[in-house]
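For reference, the structure is listed below as structure tokens.
The values are calculated or read from the model by the stated rules, or taken from the named source; none is laboratory data. In this text the structure is predicted, and so the values were computed from the model without any measurement. For neighbour counting, all protein chains shown are included, and Cβ atoms are generated from backbone atoms with ideal geometry for every residue, glycine included.
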Amino acid sequence: MPVIFITGATSGFGAATARLFAKNGWKVVATGRRLERLQVLKDEFPQGLIHIAQVDLTKRETIVEAVKNLPADFRPVTCLFNNGGLALGSDPIPDIDLGDWQTMIDTNISGLIHTTVEVLPLLKEAGRGASIINVGSVAHRWAYPGGNVYGATKAFVHQFSHNLRTDLAGGDIRVTTLEPGMAKSEFTLVRTHGDAEANEKFYEGVEPILPGNIADIVWFLANQPPHINISILEVVPVAQVPARAQIIRK
Ligand code: NDP
Ligand code: 8X3
């Protein structure tokens, strides 16, 4: 049975992907900090289909432990979905919180690096057909006020994905950077530090991407024929367009 290893499986894209893959008979390694949510997910499916592990992407040792403690029937790993991540704050410089910046760097960059390094041997064991899907964002390319460090962490994900693919050349592992635009999950609630009103307002009058839409795309990516590598996939709601550069008049 194929296995998908998911970071950030407690909410949004990760939770929807875990459910879709489990429904379709894949084994799922579901990770995240909120253990109670992982337990709920696990209990929805027949025993043995979902393995859960409490992982904090900012704490490398929790990633190492999770991989070390994987039961034999959850290895090798066929697909690594490097999805866990967050934005914190959207104020432009200088009204920023350095702690928030550090957390985004520790999670979106260091967490993704450490997970990749730890899971890579298990992907190599799976061999032909294995893949890594890294979640980037349109924010890596489309600048907006307050995008500052968040957008830059996703620029890292974009380039790291290409560099990784180059290093893995000649082997079997595919690497994709999946770059969504505006999606409705818990993302904006987290970004606004729990401001429910700001969260609702952000999505007002727009039909955003939903987590299930991303899960469908991850399914499509993970199930391509083994000689196909989709390197970059940008997905946005119809309502979201890259606007022309702003002219700031004095
Ligand atoms: P959610 O907030 O709904 O989900 C984020 C997930 O990341 C949660 O499961 C959360 O788990 C996990 N996570 C956050 N910090 C950590 C941490 N320190 N350790 C482990 N897990 C962590 O948002 P989305 O589903 O929208 O976000 C998923 C990814 O998609 C992120 O990388 C985000 O940057 C990216 N993205 C989102 C877009 C959007 O508009 N929503 C658009 C483009 C990209 P827990 O809190 O339990 O640890
Ligand atoms: C999140 C997408 O456009 O809100 O990565 O920054 S956006």
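Checking each residue in segment 144-183 for being hydroxyl-bearing (Ser, Thr, Tyr) and either within 16 Å of ligand 1 (Cβ to nearest atom) or touching a Lys or Arg at 6+ places or on another chain (Cβ under 6 Å) (or both) picks out Tyr144, Tyr150, Thr153, Ser161, Thr176, Thr177. In a strand (DSSP E or B) and among the β-branched types (Val, Ile, Thr), is that true of Thr31? Yes; evaluated as a whole, the condition is true for this residue. Surrounded by fewer than 16 Cβ atoms within 10 Å (Cβ to Cβ) and modelled with pLDDT of 95 or more: is that true of His158 in this structure? Considered against the rule, which asks whether it is surrounded by fewer than 16 Cβ atoms within 10 Å (Cβ to Cβ) and modelled with pLDDT of 95 or more, His158 comes out as no.
Yes or no, residue by residue, for (1) away from ligand 2 (no atom under 15 Å from the Cβ); (2) more than 15 Å from the chain's Cα centre (by Cα); (3) in a loop (DSSP other than H, G, I, E, B):
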| residue | (1), (2), (3) |
| --- | --- |
| Ala198 | no, yes, no |
| Glu204 | no, yes, yes |
| Ala215 | yes, no, no |
| Leu221 | yes, no, no |
| Gln224 | yes, yes, yes |
| His227 | yes, yes, yes |
| Ile230 | yes, yes, yes |
| Gln240 | no, yes, yes |
| Ala245 | yes, yes, yes |
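Considering segment 34-58, the residues that are among the charged types (D, E, K, R) and within 13 Å of Gly84 (Cα to Cα) include one that is surrounded by the fewest Cβ atoms within 10 Å (Cβ to Cβ), namely Arg34.
Just to verify a result, which residue in segment 34-60, among those that are touching a residue at least 12 places away in the same chain (Cβ under 8 Å) and of a type in the set (Val, Ile, Thr), is nearest to ligand 2 (Cβ to nearest atom)?
Step one: filter segment 34-60 for residues touching a residue at least 12 places away in the same chain (Cβ under 8 Å), giving 34-35, 37-39, 41-42, 44-45, 48-58, 60.
Okay, now just the ones that are also of a type in the set (Val, Ile, Thr), so 50, 52, 55, 58.
Values: Ile50: 27, Ile52: 26, Val55: 21, Thr58: 19 Å.
It comes out as Thr58.
Restricting the search to segment 123-143, which residues are within 15 Å of ligand 2 (Cβ to nearest atom) and polar (S, T, N, Q)? Lay out the reasoning, then the answer.
So in segment 123-143, the residues within 15 Å of ligand 2 (Cβ to nearest atom) come out as 134-143.
Listed by number, the residues that qualify are Asn134, Ser137.
The set of residues in segment 144-163 that are without any contact (Cβ under 8 Å) to a residue 40 or more places away in the chain and within 10 Å of ligand 2 (Cβ to nearest atom) comprises Tyr144, Gly151. For segment 143-160, filtering for residues that are under 19 Å from Pro121 (Cβ atoms) and touching a Gly at 6+ places or on another chain (Cβ under 8 Å) leaves 0. Annotation note: Cβ proximity below 9 Å between a residue of segment 225-250 that is at pLDDT below 95 and a residue that is part of a loop (DSSP other than H, G, I, E, B) and among the charged types (D, E, K, R) (sequence gap 6+ or interchain) occurs for Pro242/Arg141. The sole residue among Pro92, Pro145 that is touching a helix residue (DSSP H, G or I) at 6+ places or on another chain (Cβ under 9 Å), of a type outside the set (Lys, Arg), under 23 Å from Ala243 (Cβ atoms) and surrounded by fewer than 17 Cβ atoms within 10 Å (Cβ to Cβ) is Pro92.
Candidates Thr31, Thr7, Thr17: the one that is surrounded by 18 or more Cβ atoms within 10 Å (Cβ to Cβ), closer than 22 Å to Gly111 by Cβ and within 16 Å of ligand 2 (Cβ to nearest atom) is Thr7.
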